[in-house]
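Report on one structure; see the data block that follows.
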């Protein structure tokens, strides 16, 4: 696949490319979760997981990336705020599970 939008000759071509991109996004989120879980090994306690100062530094950068990509910064910030909160929740869950089992990420 990997057709540019201008190379698509049908609606199905467009849909196929969108599906491929969505698949790549999903795989990237899975990879991000692996890193989030690995980060738990460096956290001294569950209270340190949210890292609000890190989140505060991340969101302006994501807004800038959105602007550079021609996307609406408020929309992208909202998406990342939700993603970050979900990943924080997953890291907390993983941290607690790991503590009970003694496993490493």
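Considering only residues of region 30-50 that are in contact (Cβ under 8 Å) with a residue 24 or more places away in the chain and not in a helix (DSSP H, G or I), which is surrounded by the most Cβ atoms within 10 Å (Cβ to Cβ)?
By that ranking, first place goes to 49.
Of all residues in region 73-96, how many are surrounded by 12 or more Cβ atoms within 10 Å (Cβ to Cβ), over 18 Å from residue 29 (Cα atoms) and without any contact (Cβ under 8 Å) to a residue 40 or more places away in the chain?
Residues flagged as surrounded by 12 or more Cβ atoms within 10 Å (Cβ to Cβ), over 18 Å from residue 29 (Cα atoms) and without any contact (Cβ under 8 Å) to a residue 40 or more places away in the chain within region 73-96 amount to 1.
Read the figures in this text as sums done on the coordinates, not as results from a lab. This is a predicted model, so every value here is computed, not measured. Quick reminder, even Gly has a Cβ in these numbers, built from the backbone with ideal geometry, and neighbours come from all protein chains shown.
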